[in-house]
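None of the figures in this text is laboratory data; all of them are computed from the coordinates on show. The structure presented is a predicted model; accordingly, all values stated were derived computationally and were not measured. Glycine gets a Cβ as well: all are built from the backbone with ideal geometry, and neighbour counts include every protein chain shown.
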Amino acid sequence: MNLPGAYLHIPFCAHRCTYCSFVALTGLEHEDRYHRALVREIVDRRAETDLPFDTVYFGGGTPSFVSPRLLEDALAALRGGAGIGKDAEITAEANPDDLDSARVDALRSIGVNRLSMGVQTLSDEELPWLERRHDAAGARRALAMATEAFPRVSADLMAGIPGQTRGSLAESLAGILASGVQHLSVYLLEIEKAPRLVALQKERPDLFPGDDELASFWEDVHRTATAAGFVRYELSNWALPGYESRHNLKYWTAQPTVGFGVSATGFDGRVRRTNTGSTNEYVKRVLEGQSAEAVRVELSEEEATRESILLGLRLHDGVTEESFGRVTATLSRGDRERLEDAREAGLLEFSRSGRVRLTEKGVLLSNEVFSAFV
């Protein structure tokens, strides 16, 4: 039986970074009203599932920035419904500058047992381009506190930062791995979401790595992480065996999730529900006893199966050859030919165990494969 996961969006941040495109508010002016609305939504929607949650994920925004009481009350509301399993994974995203011994103790005391930290880089020359509030030394201190206090810690690393080199990326990665984290997520800086970086790229294109250099960055990360005992279990995620993100695996394997909070999305395998992306509208609706849902998309059986294949191919283990064949049979002739071309080009492999997955080359060119399913 697949138990559901709960995602709770905490939209508050001390500062919006240049690359951020998430629903977020600067400062804590509206924290109390949002606190009441989030707990109210959880209570009002208790009837949606009678199964306990075995993962809870506080995303944002910056959950480590708000009062831990907000997270504590949200967890209490979840426990008052279908409940939270005894061995549940409870994750909170955190920024290094929010963490001190008191905040770490508070998060641990309310039940958080996994911290996902936005490090991005350990280079003091690269951090200003992202407008991060911490410096490299502060990130190292926060990583040390986190790995000492929590049984599971993940760190985010960013590739493609202006001025970044293979050497500077290697130094950041080495520092993160040396801290004792068990999980690593690597993201490509998407400058199209940051107007200031778009302008900078036009003015100083020499600061930005090209596609070939970015590919070499990814290969370096993969080689180094693998040598340290990490396994790439998803396109952008590496973990020591047994330390994979149980919550994120739910998304990639189409397991049920319920989303609470502004802009939060949940999925039951066929229906995807997304709350309004306006914080003011979210609070108003919920406190007036109305649903915060703004978008509902019901997938047909064929659409749901096709999506499950697309998501499954993100995973290192891939998908079964049977399910892959069943879905590809429904594709257009052009899309089937595209997949055959991808196989001949060495982007897809069919294993003897009856599974289909991306090759290492295919990971770098995954969009060439995924486009056939969209």
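Of Met1, Met117, Met145, the sequence from fewest to most neighbouring Cβ atoms within 10 angstrom is Met1, Met145, Met117. I'd like the distance separating the alpha-carbon centroids of the stretch 352-374 and the stretch 227-280, in whole Å. Answer, in whole Å: 20. Taking amide H positions as modeled 1.01 Å from N, with prolines and chain starts lacking one, the residues under 5 Å from Arg152 and 5 or more places away or on another chain are Leu115. The residues packed around Arg45, meaning those with a beta-carbon under 12 Å from its beta-carbon, carry a net charge of -1 if Lys and Arg are +1 and Asp and Glu are -1.
Computed per residue of the chain from DSSP H runs no shorter than four, each worth -39500 (n - 2.57), the mean residue ellipticity at 222 nm is -12000 deg cm²/dmol. Below 21 Å, Cα to Cα, which lysines can Lys250 reach? Residues fewer than 8 away in the same chain don't count. By straight Cα distance, Lys250 reaches Lys86.
Indicate the gyration tensor shape class of the stretch 151-259 (rounded, prolate or oblate), computed on the Cα atoms with a ≥ b ≥ c the square roots of the eigenvalues: a/c under 1.5 is rounded; otherwise a/b larger than b/c is prolate and the rest oblate. Cα axes put the stretch 151-259 in the oblate bin. Of the peptides 147-157, 161-171, the order by per-residue mean of other Cβ atoms within 10 Å, starting with the highest, comes out as 147-157, 161-171.
When the Cα convex hull of the stretch 110-156 is projected onto planes of every orientation, the mean area is 3.4 nm². I need the shape label for the chain. Rule: rounded when a/c is under 1.5, else prolate if a/b > b/c, else oblate, with a, b, c from the alpha carbon gyration tensor. Oblate, since a/c reaches 1.5 and b/c is not below a/b. Put simply, the Cα atoms of the stretch 1-75 extend 41, 25, 17 Å along their principal axes, the longest span coming first. Using R0 = 35 Å, the C-beta based FRET efficiency linking Asp317 and Arg166 works out to 0.75.
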